[in-house]
Amino acid sequence: MSEQPRSIRLTDPRALRAYAHPTRMTLVGLLRRSGPFTATQAAELTGESVASCSYHLRILAKYGLVEQAPGGKGREKPWRATAQFTEWPDHSEDAAVAEAANALSGAAIELYFQRVLRAVENRHTLPAEWQEAEQFGDTLVHLTPEELSDLGRRIEELLRPYEDRDLDPARRPDGARPVSILRIAYLDREFPEGAPGTDPTDDEDR
């Protein structure tokens, strides 16, 4: 196989709906971090049955998210991810695409929440330096759509130099561990437009 592409973009509503399944998202994530592996090994990693993992891997292959890797014996064929990341539309004029993309985003957020909750529950078992380095928090800022898009690009640029370490362990410095960084920015409608600080003519110091 040629060099793995950085990202695969899903735009077909059928592919978006197919990927919006926690086991399938988990399998793709595991293949990116620990693959290639067989359906039997996938079952050991996920706690699902071999038959279930085999079925989900075939569905993922149908939409180009995974593929069979060389090697293996008999029916025990290994699978690998086809890209480092999965992308899908943030907005679409096609109602079917928009609905499927929103459903996938919701499923991904639920999966993120479960993982973050487990991390918080177990962080007391980490060395002190990792507990102090982990970050949990939020910031409310006032931005235009253009500024928010620019902020996303700048965060992407900050993270890009570390991506090669995922594919090449030799690039990882001593002490490096896998760290998940979530990027979620949304228009916060819990703060009404007329609230203090949202009106450019408002000045609390007057």
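The values are calculated or read from the model by the stated rules, or taken from the named source; none is laboratory data. Given the structure is predicted, the values throughout are model-derived calculations rather than measurements. FYI the Cβ positions are ideal-geometry reconstructions off the backbone, even for glycines, and counts take in every protein chain you see.
If the condition is being of a type in the set (Val, Ile, Thr) and either not in a loop (DSSP other than H, G, I, E, B) or not assigned by TED's automatic domain parsing to the domain that holds GLU87 (or both), then the range 1-18 contributes only ILE8. Across the range 115-157, what is the number of residues that are closer than 15 Å to SER180 by Cα, among the β-branched types (Val, Ile, Thr) and either loosely packed, with under 10 Cβ neighbours inside 10 Å or not assigned by TED's automatic domain parsing to the domain that holds GLU190 (or both)? The number of residues fulfilling the criteria is 2.
Table: residues versus (1) among the aromatic types (Phe, Trp, Tyr); (2) modelled with pLDDT of 95 or more; (3) more than 23 Å from PRO178 (Cβ to Cβ); (4) not assigned by TED's automatic domain parsing to the domain that holds LEU167.
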position: ALA20; (1), (2), (3), (4): no, yes, yes, yes
position: ARG24; (1), (2), (3), (4): no, yes, no, yes
position: ARG33; (1), (2), (3), (4): no, no, no, yes
position: TRP79; (1), (2), (3), (4): yes, yes, no, yes
position: THR82; (1), (2), (3), (4): no, yes, no, yes
position: PHE85; (1), (2), (3), (4): yes, no, no, yes
position: HIS91; (1), (2), (3), (4): no, no, yes, yes
position: ALA98; (1), (2), (3), (4): no, yes, yes, yes
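The set of residues in the range 1-59 that are free of Cβ contacts under 8 Å to residues at least 60 places away in the same chain and among the aromatic types (Phe, Trp, Tyr) comprises PHE37, TYR55.
Of the residues that make up the range 191-200, is at least one at pLDDT below 90 and either among the hydrophobic types (A, V, I, L, M, F, W, C) or closer than 30 Å to ARG9 by Cα (or both)? Checking the range 191-200: at least one residue is at pLDDT below 90 and either among the hydrophobic types (A, V, I, L, M, F, W, C) or closer than 30 Å to ARG9 by Cα (or both).
With respect to PRO127, determine if the residue is more than 20 Å from the chain's Cα centre (by Cα) and farther than 26 Å from TYR162 by Cα. Against the criterion (more than 20 Å from the chain's Cα centre (by Cα) and farther than 26 Å from TYR162 by Cα), PRO127 does not qualify. The condition of being more than 13 Å from the chain's Cα centre (by Cα), under 19 Å from ALA107 (Cα atoms), of a type in the set (S, T, N, Q) and surrounded by 15 or more Cβ atoms within 10 Å (Cβ to Cβ) holds for only one of THR11, THR46, that being THR46.
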